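Following: one structure in structure tokens, then a few remarks.
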Amino acid sequence: MGLEAARTRLIESLRHEIRDRRVLSAIACVPRELFVSPDYYYAAYEDMPLSIGFGQTISQPFIVALMTQALRLKGDEKVLELGTGSGYQTAILAKLAKRIVSIERIAKLAESAKQVLDKLGCTNVEIHTAVETLGWPGGAPYDAIIVTAGAPQIPEILLEQLALGGRMVIPVGSRWEQDLLKVTKRKRKHLVKNLGGCRFVPLIGPGAWEE
């Protein structure tokens, strides 16, 4: 099966559970094959995670779609992404929000992601190599935050960077299995919704896991 046919099949599969048409449209037009190793071109549109080296993965398309849909992006938001990885999720976000600030702790991944995103003309993205503090406080507040690594709890430092009424999607649990949580920031008690089980690599840093 060619890549175009595989992409069409993937989108049709996602339609069963993903209702946000803007999210589906973004996934349909971002070439996932550019974000994977040539060894995995054949699997670029399979609904599965793939290795990108350094112990990291490009997420399963369904999880990318689910997390992105949960952010409820309209087009005028500033979004913080923790875990640039291959840059695939970043490219999806770039089509759906006004500005993306993406953080990656592995410098080589950050550089390769930037090269692909530049090639695709994603001019509303800035990528930074992670510092000791989780997130990127200098750009706060953010309308939405997406975390593509699992944390032991919801990091307070990230909630501080989220605007009132903003949404954060983050996997929370052990190093090996998590629940995908959507957190809506409120003045008093934040609203937390469980979107289901998932498996992500650990989120490393203060307020998360140690190296």
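Bear in mind that the values in this text are calculations on the coordinates, not laboratory data. Keep in mind that what you see is a predicted model, and the values were worked out from it rather than measured. Reconstructed Cβ throughout: ideal geometry from the backbone, glycine too, with neighbour counts over all protein chains shown.
Cut-off 15 Å, label point 7 angstrom out along Cα-to-Cβ of F54: give me the residues of region 173-211 whose amide nitrogen falls inside. Flagged as within label range: 201-205. Evaluated with a Cβ-only charge set (Lys, Arg +1; Asp, Glu -1), region 63-198 carries a dipole of roughly 520 debye about its Cα centre, given to the nearest 20.
Taking G85, G138, G166 in turn, the Gaussian network model of the chain (Cα-Cα springs below 10 Å) assigns the largest fluctuation to G138.
The share of alpha-carbon pairs in region 16-160 lying farther apart than 23 Å comes to 29%. Beta bridges from DSSP with both residues in region 4-157: antiparallel share about 20 percent, rounded to the nearest 5.
Cα centroids of region 1-54 and region 57-133: 16 Å apart.
Restrict the search to region 1-63; then list the GluC sites (Glu not before Pro) that DSSP places in a loop and that have at most 10 other Cβ atoms within 10 Å of their Cβ.
Within region 1-63, the qualifying GluC sites (Glu not before Pro) (loop, at most 10 other Cβ atoms within 10 Å) are E17.
Among the chymotrypsin sites (Phe, Trp or Tyr not before Pro) in region 39-119, those located in a DSSP loop and surrounded by at most 16 other Cβ atoms within 10 Å of their own Cβ are F54.
On full extension, the segment bounded by A107 and A28 gains 25.6 nm, given 0.36 nm per residue less the C-alpha separation. For region 141-205, GluC sites (Glu not before Pro) are listed when DSSP marks them as loop and at most 15 other Cβ atoms sit within 10 Å of their Cβ; the list is E177. Of R105, R188, R19, which is the most mobile in a GNM of the chain whose springs link Cα atoms less than 10 angstrom apart? It is R188.
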